[in-house]
Amino acid sequence: MAVLIKSVTPRSPAAKAGVKAGETLAEINGHPINDTLDYGFYCYDRVLELNLVTRKVKVKKKDDYDDIGLNFETYLMDEKKSCRNKCIFCFIDQLPKGMRDTLYFKDDDSRLSFLQGNYITLTNLSEEDIERIIKMKLNVNVSVHTTNPELRCKMLNNRFAGEVLRYIDMMAKGGITMNCQIVLCRGINDGEELKKTLSDLTALYPAVKSIAVVPFGATKYREGLPKIELHNKETARETIEIINSFGEKMLEKYGERVVFPADEFFVTAEMPMPEGSYYESYDQYENGVGMWTYYRESFLEALSEAEYEGGERKFSFATGTLSEPLMRELSEKLSEKLPALKLGIFPVKNEFFGETVTVSGLVTGGDLLKCLSAHRDELGEAVFIPKNMLKADEDIFLDDVTLSEVREKLGIPVIPVSDEGCDLLDRMLS
């Protein structure tokens, strides 16, 4: 596949070699260029011969890692690959109608797994793709869910979903490192099935570097989909016990726990969160594994060194109901150390998706406004919110309400803060 060059960065190696926008890149040093992975991999050499279809050009770089300066229409140089599955637990299938189009796109692209940490099911890949991953030494994140081939076909609603599990073994033998995730559906892939899956995956250590077990989540729009019960206190405790039994074995044998439950399991089980050492290098942080502990320890460490001698100030923090206990604890610790600083906690009930959805990243602008407007006189001089409530590249909530609209209607600053507790404290002190 030849790729159209949209622009050439001025004074870049490609510009100095005379490459022009509008030309078409077909090969680098004789290797066909199909996408951004090919482009990055074959651009490594210091001297490159570019086949531009109509002519060939030599490009010289100062350093092996220098970018040669070609820019393409899209980040991947072609279209993102969409998911071929119809998973029984898919959150996107539980969205209401009328939301922005990008929210309905199901990504299952191995290139984004390497470049951005996205999880893939492997059902979009061929053996040739796996061989390319091994050749390029591309570490990936894999949505496994179960290593029972028949059950995986049923869970993903894809007759090839079980067959492609062999790709995990191929990548392990090829030296590829994988982070794996299991979306745990009660009564389906938990219990003995979970034990089998963890046994199979931990046997591939260190190729399987870490495994996150996260609970199935349901919205109120789950019409026409298979019935799946949510985890309760008892099943959450049973799940943690299974995960920790594997974790302890791995810790004893290899010095690393490898297997981790999501924070939500501890909240549902009404069990205390583990200390930071439990999560080791936080490999599954983006999967909601260790977020609670990391935030708490970051806040308390900053608080231990904090000083404040000014007058009394009052702020608020709005978040999903899942993290309400954590934030109330931190608010109390703040009052003990710095009595003049007050932090009110406002858990936002998720009426948009349903109250079983409790994470802050799925709080909408409308629900946030409804919650805070009812307590307008209690908010203080500013409201802090987790940054993950907003789109990554834009100050807009899932329901297309903008941050500016929320600020205008409340009449006070509404300030996004990062997932490090120290950031919240720094903002209050400044």
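The values are calculated or read from the model by the stated rules, or taken from the named source; none is laboratory data. Model, not experiment: these values are computed from the prediction. Cβ sites come from the backbone with ideal geometry, for glycine too, and all protein chains shown count toward neighbours. Surface accessibility is based on the protein's heavy atoms, side chains included, excluding ligands, DNA and RNA. Shrake-Rupley method; radii C 1.70, N 1.55, O 1.52, S 1.80 Å.
Things to note:
- Efficiency of FRET between residue 328 and residue 84 - r from beta-carbon atoms, R0 41 angstrom, step 0.05: 0.40
- When DSSP beta bridges are restricted to pairs lying wholly in the chain, around 35% turn out antiparallel.
- Computed about the Cα centre, the dipole magnitude for segment 2-98 is approximately 220 debye when only Lys and Arg (+1) and Asp and Glu (-1) carry charge, each at its Cβ.
- Two-decimal Rg to Rh for segment 208-257 - Kirkwood Rh, Cα set: 1.14
- Full extension of the chain between residue 238 and residue 137 yields a length gain of 32.6 nm, computed as 0.36 nm times the residue separation minus the alpha carbon distance.
- Cα point-scatterer Debye curve for segment 31-135, base-10 log of I(q)/I(0) at q = 0.19 Å⁻¹: -1.06
- Built amide H within the under 5 Å cut-off of residue 208, gap 5+: 178
- Subtracting the Cα-Cα distance of residue 336 and residue 256 from their residue separation scaled by 0.36 nm leaves 25.2 nm.
- Here's the picture: a label point sits 7 Å out from the Cα of residue 407 along the beta-carbon direction, and within segment 306-325 the residues with their amide nitrogen under 18 Å of it are 315-318.
- The alpha carbons of segment 155-298 give a radius of gyration and a Dmax of 15.6, 46 Å, in that order.
- Note on residue 196 and residue 248: the model spin-label points, each 7 Å out from Cα along the C-beta direction, lie 2.5 nm apart.
- Nitroxide proxy distance, nm - points 7 Å out along Cα→Cβ at residue 229 and residue 160: 3.6
- Each of residue 9 and residue 222 was given a label point 7 Å from its Cα along the Cα-to-Cβ line. The distance between the two points is 4.7 nm.
- Inter-part distance where segment 1-68 and segment 249-322 are each reduced to a Cα centre, Å: 45
- With all projection directions averaged, the alpha carbon convex hull of segment 330-392 covers 5.1 nm².
- Compactness of segment 49-98 is given as radius of gyration and Dmax, 20.2, 53 Å, from Cα positions.
- Of every Cα-Cα pair in segment 344-430, the percent that sits beyond 23 Å: 17
- Förster-model FRET efficiency, 30 Å R0, residue 16 and residue 394, C-beta, rounded to 0.05: 0.25
- Based on Cα atoms of the chain, Rg over Rh with Rh as the Kirkwood radius reads 1.01.
- Percent RCO, i.e. relative contact order, over segment 221-339, from Cα pairs under 8 Å lying at least 6 residues apart: 19
- Percentage of interatomic Cα-Cα distances in segment 243-402 larger than 21 Å: 54
- Note on surface exposure: 294, 285 rank 294, 285 by accessible area, highest first, 1.4 Å probe.
- In the full protein context, the chain carries 48 Å² of accessible surface per residue, based on a 1.4 Å probe and ignoring ligands, DNA and RNA.
- When each of the peptides 367-378, 95-106 is scored by the mean number of other C-beta atoms lying within 10 Å of its residues, the order from highest to lowest reads 367-378, 95-106.
- Entry note: segment 274-329 has Rg to Rh equal to 1.05, where both radii use alpha-carbon atoms and Rh is the Kirkwood radius.
- Helix content alone sets the calculated 222 nm mean residue ellipticity of the chain: runs of n ≥ 4 DSSP H residues at -39500 (n - 2.57) each, divided across all residues, give -9500 deg cm²/dmol.
- Legend: Rg and Dmax of segment 1-84, from Cα coordinates, 12.3, 43 Å.
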